[in-house]
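Worksheet: one structure, shown below.
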């Protein structure tokens with residue numbers, strides 16, 4: 001069992017998590033790195049998409065819509081993201097306007113919505129946690145935008161801090177307390193030498209994985225608790241992509257550590 005993957009940051013499309021080849025069943029993940037003028041086309045049936053621009057600009061277009069020169073930051077540490085939502089059965093192309101890097105998430109979909117762009121000024125920013133586990137959370141594709149499965153944001157964690165802490169999970173369909181939602185994390189560090197520790201575990205003990213993560217790494221979380229720690233001195237960014245029929249933060253805390261929330 002290995003939930004960790006790595007993106008080499010090569011140009012073109014890299015399929016990181018592909019249906020039938022990973023533990024998650026509700027979400028897939030591609031990464032795009034495009035040179036100026038380079039184009040990639042998507043035409044998959046019954047999948048909704050969210051394109052989070054990590055750095056650079058691109059034009060995304062399909063029949064009846066065109067988001068030109070989308071993206072305002074040079075990298076993930078240069079302000080809030082731009083995100084483009086594409087509904088199911090909507091072929092589209094992505095073209096680099098200068099060099100651009102994009103995280104492309106996709107989920108099975110049965111409902112029809114409209115293409116939408118979430119600009120940096122639309123991102124909701126909240127400071128969460130307590131000393132020792134503080135982070136800046138950015139809510140990007142949330143319940144303000146119509147979608148079926150995808151719920152997406154970013155977190156910024158100072159070196160030495162924990163996140164996704166106290167350990168929580170969202171793998172039981174027990175609404176409104178907890179939703180059955182899969183998740184993928186993608187990590188970057190401000191300093192190229194930076195690293196962190198990601199744990200994924202279940203109370204039953206059938207899953208207990210620990211990974212050292214660096215820039216370009218991913219960890220998928222099909223179920224279980226998933227606390228993360230950024231090594232002291234190394235500021236961290238991670239993109240979180242959640243997918244499930246109940247979009248939102250519906251989760252429960254590991255009972256052994258719930259006292260930390262009091």
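The values are calculated or read from the model by the stated rules, or taken from the named source; none is laboratory data. Treat the numbers as computed from the prediction; the structure is a model and nothing was measured. Note that we place each Cβ from the backbone using ideal geometry, even for glycine, and neighbour counts take in every protein chain shown.
Looking only at region 134-148, decide whether some residue is in a loop (DSSP other than H, G, I, E, B), surrounded by fewer than 18 Cβ atoms within 10 Å (Cβ to Cβ) and out of contact with any strand residue (DSSP E or B) (no Cβ under 9 Å at 6 or more places or on another chain).
No: zero hits.
Restricting to region 235-260, count the residues that are part of a strand (DSSP E or B) and buried (at least 22 other Cβ atoms within 10 Å of the Cβ).
Result for region 235-260: 7.
Any residue that is in contact with a strand residue (DSSP E or B) (Cβ under 9 Å, 6 or more places away or on another chain), farther than 20 Å from residue 146 by Cβ and free of Cβ contacts under 8 Å to residues at least 60 places away in the same chain - is there at least one of those in region 94-113?
Checking region 94-113: not a single residue is in contact with a strand residue (DSSP E or B) (Cβ under 9 Å, 6 or more places away or on another chain), farther than 20 Å from residue 146 by Cβ and free of Cβ contacts under 8 Å to residues at least 60 places away in the same chain.
Are any residues in region 195-207 at pLDDT 95 or above and either closer than 15 Å to residue 164 by Cα or exposed (fewer than 13 other Cβ atoms within 10 Å of the Cβ) (or both), and if so, which ones?
Result: 196, 197, 198, 199, 200, 201, 202.
Answer with yes or no whether residue 176 is within 29 Å of residue 51 (Cβ to Cβ) and out of contact with any strand residue (DSSP E or B) (no Cβ under 6 Å at 6 or more places or on another chain).
Details: within 29 Å of residue 51 (Cβ to Cβ): no; out of contact with any strand residue (DSSP E or B) (no Cβ under 6 Å at 6 or more places or on another chain): yes.
Spelling it out, it is not the case that residue 176 is within 29 Å of residue 51 (Cβ to Cβ) and out of contact with any strand residue (DSSP E or B) (no Cβ under 6 Å at 6 or more places or on another chain).
Among (1) in contact with a helix residue (DSSP H, G or I) (Cβ under 9 Å, 6 or more places away or on another chain); (2) over 22 Å from residue 192 (Cβ atoms), which single condition is residue 73 missing?
Residue 73 satisfies all of (1) in contact with a helix residue (DSSP H, G or I) (Cβ under 9 Å, 6 or more places away or on another chain); (2) over 22 Å from residue 192 (Cβ atoms) except (2).
Looking only at region 72-89, which residues are surrounded by fewer than 24 Cβ atoms within 10 Å (Cβ to Cβ) and closer than 12 Å to residue 152 by Cβ?
Matches in region 72-89: 85 only.
Kindly indicate which of 1, 31 is under 23 Å from residue 228 (Cα atoms), in contact with a strand residue (DSSP E or B) (Cβ under 9 Å, 6 or more places away or on another chain) and crowded, with 19+ Cβ neighbours inside 10 Å.
31
I need the full set of residues from region 46-87 which are outside any strand (DSSP E or B) and either under 22 Å from residue 216 (Cβ atoms) or at pLDDT below 95 (or both), in order please.
Result: 63, 64, 71, 73, 74, 75, 76, 77, 78, 79, 80, 81.
Are any residues in region 110-127 part of a strand (DSSP E or B), over 10 Å from residue 155 (Cα atoms) and more than 16 Å from the chain's Cα centre (by Cα), and if so, which ones?
Within region 110-127, 116, 117 qualify.
Could you list, in sequence order, all residues of region 205-234 that are part of a loop (DSSP other than H, G, I, E, B) and farther than 16 Å from residue 26 by Cβ? Break it down into steps so the answer makes sense when it comes.
Residues of region 205-234 part of a loop (DSSP other than H, G, I, E, B): 205-207, 214-216, 222-224, 226-227, 231-234.
Once the filter is applied, which keeps residues that are part of a loop (DSSP other than H, G, I, E, B) and farther than 16 Å from residue 26 by Cβ, region 205-234 yields 205, 206, 207, 214, 215, 216, 227, 231, 232, 233, 234.
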